[in-house]
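Here the structure is laid out as structure tokens; the discussion comes afterwards.
The values are calculated or read from the model by the stated rules, or taken from the named source; none is laboratory data. These numbers were taken from a predicted model, which means no experiment stands behind them. As a convention, Cβ positions derive from the backbone with ideal geometry for all residues, glycine included, and neighbour counts pool all protein chains shown. Note: areas computed on protein heavy atoms with side chains; ligands, DNA, RNA excluded. Shrake-Rupley method; radii C 1.70, N 1.55, O 1.52, S 1.80 Å.
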Amino acid sequence: MASGLLKIIRTGPDIKSEAIVSTAIAGAIIGAAVGGWINDRFGRKVSIIVADTLFLIGSVIMAAANGPAVLLVGRVFVGLGVGMASMASPLYISEASPTRVRGALVSLNSFLITGGQFISYLINLAFTRAPGTWRWMLGVAALPALIQIVLMLSLPESPRWLYRKGKEDQAKLILKKIYEVEDYDNEIQQLKESVEMELKDTEKISMMQLIKTTSVRRGLYAGVGLAFFQQFVGINTVMYYSPSIVQLAGFASNRTALLLSLITAGLNAFGSILSIYFIDKTGRKKLVLISLTGVVLSLALLTVTFRETEIHSPMVSPFESKQFSNNTCPEFNTAALNNEKWNCMRCIQSTNKPTCGFCADHNKVQPGACIIKNDYSKKQCGNENRSWYTKGCPSNFGWIALVGLGLYIIFFSPGMGTVPWVVNSEIYPLRYRGVCGGIASTTVWVSNLVVSQSFLSLTEVIGPSWTFMIFGVIAIVAILFVIVFVPETKGVPIEQIEDMLEKRFVQIKFWKKRDSDSQKH
């Protein structure tokens, strides 16, 4: 629901899209940072209800906005809610789930998010020809938040949080409903020992204490690292800017780009379904390594494809350009004798004012016109039933780029899309779970902001091919990081993960089954 709104809002008032996205993400950073403390102080259930309330208020403010300033205020509220919920929800699910299906249930949360993105694209596509309906598009987002508030009021608090706060009877009643009779006593005993150990430490939680505590420090290495790489392998450049990427691949129509982006969102949701099935069978670590390997191969394909598109870009024809009266690109005219070297890519990347666009020939890969980029040029080009390009160029390789984007999503979603949230919801000791989860969630949103704000600038400066290559190199580094620092938590009771981190730091032999008591239960 929350992630999908980042796409829906683009059809609202004429505000620069990067500003809209960054305002929400800035709010999410604050919400994630504060949410960790609220999680530990007031409970997981209260945190989720507060997050929903903020989201509800933000949606109403945006729908009622009478100007850009009010809209951005609404975005801040939505961002705060998204940031708080991003860690509170998987944490609540993880602590209230049986060990054998814990990963699948947290993955279900990811599927509902990606499913929300898919629905948001459907809404966006439906309203592309209906001016002024952006208020409904933003206001309807308040409905899921309201429904969740009502439903959360009927659900219990996290049993592990209750036990930690001395409400043992309430916790035991909830755990009896979660675990089978033969597993219940063992779970209670482990929880009791874990809480008793934590209660001996009366020191106030501080960053220095987190670093000094071995299991917490090693958990943070794994959790925060996964959160960082989840964003820096480029996922949100694909999801936020997929219409732009589709146009970079040579598909000029905004509506076509949006329709193809709908397919991308659908693949993302499908990948989350795969995660639900595989995460408790394959294991977190193996799944994320398979995911990253596929991401590297997909990014390599995108790098090569976009490079080929740049090299074989259609040429600019002086004759074609002069057909558009006095609207020929000034920089192209200034090039004089050297303008025979101009191609579409050189045209749309012109930096002098006014900037220029490419009006393709009816046979799109043949020489076309380089003319001033404005609404008049777009209309002139369209009147001749020719395609107008301002972000990418027509190419015979465009469909390969779409295949690369599809493969990227299919590989990313089941592993890197889900595993970081699952691991961060289960890897920290109970006393530190909220604050450490908040740190990881804050890392996600800070990284999200950096990547989403730099992507379009990078494509303008170094081109999309080199941009995707950078993401590919980062994905290779991520593979090495996961092999060394991320433990396998599949089938391990939450209370035993702390002991596992205490005993071992480097986690290389992920392909071997663990010989531990946790496998026996």
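Tabulated data for the structure shown
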| item | result |
| --- | --- |
| Leading residue by the ranking (farthest from Ile276 (Cα to Cα)) among those in segment 93-103 that are part of a helix (DSSP H, G or I) and open to solvent by less than 20 Å² (accessible area, probe 1.4 Å) | Glu95 |
| Residues of segment 380-403 satisfying the condition of being open to solvent by less than 40 Å² (accessible area, probe 1.4 Å), part of a loop (DSSP other than H, G, I, E, B) and in contact (Cβ under 8 Å) with a residue 40 or more places away in the chain | Ser387, Gly392, Cys393, Pro394, Ser395 |
| Residues located in segment 47-84, provided they are among the aliphatic types (A, V, I, L, M) and without any contact (Cβ under 8 Å) to a residue 40 or more places away in the chain | Val50, Ala51, Leu54, Ile57, Ile61, Ala69, Val70, Val73 |
| Matching residues in segment 467-503 - criterion: being free of Cβ contacts under 8 Å to residues at least 12 places away in the same chain and among the basic types (Lys, Arg) | Lys503 |
| Check on Ile147, surrounded by fewer than 22 Cβ atoms within 10 Å (Cβ to Cβ), over 30 Å from Leu287 (Cα atoms), modelled with pLDDT of 90 or more and not aromatic (Phe, Trp, Tyr) | yes |
| Segment 198-241, subset open to solvent by 30 Å² or more (accessible area, probe 1.4 Å) and modelled with pLDDT of 85 or more, residue nearest to Ser120 (Cα to Cα) | Phe232 |
| Flag for Thr418 being within 19 Å of the chain's Cα centre (by Cα) and among the β-branched types (Val, Ile, Thr) | yes |
| Residue in segment 353-365 that is in a helix (DSSP H, G or I) and among the β-branched types (Val, Ile, Thr) present | no |
| Test: Val106 is surrounded by fewer than 19 Cβ atoms within 10 Å (Cβ to Cβ) and at pLDDT below 90 | no |
| Residues located in segment 150-161, provided they are assigned to a helix (DSSP H, G or I) and either open to solvent by 30 Å² or more (accessible area, probe 1.4 Å) or closer than 16 Å to Ile38 by Cβ (or both) | Val150, Leu151, Met152, Leu153, Trp161 |
| Scan of segment 451-497 for residues that are open to solvent by 40 Å² or more (accessible area, probe 1.4 Å), charged (D, E, K, R) and assigned to a helix (DSSP H, G or I), ordered by number | Glu460 |
| Qualifying residue in segment 182-189 (condition: open to solvent by 30 Å² or more (accessible area, probe 1.4 Å), part of a helix (DSSP H, G or I), polar (S, T, N, Q) and under 19 Å from Ser59 (Cβ atoms)) | no |
| Number of the exception - Ser377 against (1) buried (at least 21 other Cβ atoms within 10 Å of the Cβ); (2) in contact with a strand residue (DSSP E or B) (Cβ under 9 Å, 6 or more places away or on another chain); (3) not in a helix (DSSP H, G or I) | (3) |
| Counted residues, segment 40-92 - those being over 13 Å from Gly434 (Cβ atoms), outside any helix (DSSP H, G or I) and open to solvent by less than 10 Å² (accessible area, probe 1.4 Å) | 1 |
| Meets criteria (surrounded by 20 or more Cβ atoms within 10 Å (Cβ to Cβ) and at pLDDT 90 or above) for Val288 | yes |
